[in-house]
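*Asks:* First the structure, which I've put down as structure tokens, then a few questions once you've had a look.
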Amino acid sequence: MKWFLKKGLTEAGCDEAGRGCLAGPVFAAAVILPEKFRHPLLNDSKQLTEEQRDKLRPIIERKAIAWAVAMVDHIEIDRINILKASFKAMHLAIDQLTVRPDLLLIDGHIFSPYFGIVHQCVVQGDATYASIAAASILAKTHRDAYMLQLHEQYPMYGWNENKGYGTAFHREHIVANGLSPYHRKTFGICKEVVDRLKG
């Protein structure tokens with residue numbers, strides 16, 4: 001794990017969670033870590049257990065120089081597409097930072113430039129740079145908490161377990177129960193259900 005791309009710059013790591021889901025919003029986080037921040041568990045959120053992510057979230061939020069989380073809902077995702085929605089969520093998170101970074105470290109290979117701040121895309125950045133890993137953990141834990149709230153309204157889809165991803169259980173219950181108001185109508189089996197209803 002690398003701590004900085006360029007020492008001496010204020011760097012914000014940015015990542016999203018929920019891009020491949022069939023339901024719910026996409027979340028993004030932006031995190032500026034202090035130079036001396038270290039934690040043995042810090043890693044790409046996908047490499048951590050839920051318990052480890054939940055343990056790290058308050059530590060990151062307490063120790064970060066600045067952090068922010070934002071979301072773009074399923075309606076906007078269907079309207080503008082998931083890639084643009086992911087970029088929009090990142091921009092919204094960056095907007096909320098109380099400290100303006102000199103450089104944005106973006107997880108992935110492509111990004112929509114944020115006016116006035118240079119960025120560097122890093123493939124598998126969440127496993128490479130500490131600030132991106134921290135952002136991935138915040139985005140994931142905040143989104144998971146949101147999906148647990150939605151699960152209370154629509155328990156039939158198992159969002160407490162799958163968080164809106166297209167597991168076999170989730171897909172089966174979309175077929176059995178139809179779509180909830182929170183499903184993405186342009187995604188996979190959801191689109192098939194919408195097309196069938198139209199046809």
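The values are calculated or read from the model by the stated rules, or taken from the named source; none is laboratory data. In this text, all values refer to a predicted model and were calculated from it rather than measured experimentally. For neighbour counting, all protein chains shown are included, and Cβ atoms are generated from backbone atoms with ideal geometry for every residue, glycine included. Surface areas here come from the heavy atoms of the whole protein model, side chains and all, with no ligands, DNA or RNA. Shrake-Rupley method; radii C 1.70, N 1.55, O 1.52, S 1.80 Å.
*Asks:* Does F187 meet the test of being surrounded by fewer than 16 Cβ atoms within 10 Å (Cβ to Cβ) and among the aromatic types (F, W, Y)?
*Replies:* So F187 fails the test.
*Asks:* So which residues in the range 90-110 are assigned to a helix (DSSP H, G or I) and open to solvent by less than 20 Å² (accessible area, probe 1.4 Å), if there are any at all?
*Replies:* Within the range 90-110, M90, A93, I94 qualify.
Matching residues to (1) of a type in the set (K, R); (2) closer than 19 Å to H91 by Cβ; (3) modelled with pLDDT of 95 or more; (4) open to solvent by 10 Å² or more (accessible area, probe 1.4 Å):
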residue: S112; (1), (2), (3), (4): no, yes, yes, yes
residue: G116; (1), (2), (3), (4): no, yes, yes, yes
residue: V122; (1), (2), (3), (4): no, yes, yes, yes
residue: T128; (1), (2), (3), (4): no, no, no, yes
residue: A135; (1), (2), (3), (4): no, yes, yes, no
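*Asks:* Turning to a different aspect of this structure: What are the pairs, 6+ residues apart or on separate chains, where a residue within the range 163-178 that is open to solvent by less than 30 Å² (accessible area, probe 1.4 Å) has its Cβ under 6 Å from a residue that is among the acidic types (D, E) and modelled with pLDDT under 95?
*Replies:* none
*Asks:* Given (1) at pLDDT 95 or above; (2) at negative phi, identify the lone condition not met by G24.
*Replies:* G24 satisfies all of (1) at pLDDT 95 or above; (2) at negative phi except (2).
*Asks:* Something else now. Output the residues belonging to the range 67-89 that are farther than 19 Å from K163 by Cα, of a type outside the set (F, W, Y) and crowded, with 18+ Cβ neighbours inside 10 Å.
*Replies:* Listed by number, the residues that qualify are A68, K88.
*Asks:* May I pose another question? Go over the candidates A145, A139 one by one and state the one that is free of Cβ contacts under 8 Å to residues at least 12 places away in the same chain and assigned to a helix (DSSP H, G or I).
*Replies:* A145
*Asks:* Give the residue that is farthest from I77 (Cα to Cα), with candidates limited to residues of the range 174-193 that are part of a loop (DSSP other than H, G, I, E, B) and not hydroxyl-bearing (S, T, Y). Steps first, please.
*Replies:* From the range 174-193, those part of a loop (DSSP other than H, G, I, E, B) are 178-182, 184-187; that's our starting set.
Okay, now just the ones that are also not hydroxyl-bearing (S, T, Y), so 178-179, 181, 184-185, 187.
On the way: G178: 19, L179: 16, P181: 13, R184: 7, K185: 9, F187: 10 Å.
Filtering first and then ranking leaves G178.
*Asks:* So I32 clears everything in (1) open to solvent by 20 Å² or more (accessible area, probe 1.4 Å); (2) within 20 Å of G8 (Cα to Cα) except one condition, right? Which one?
*Replies:* It is condition (1) that I32 fails.
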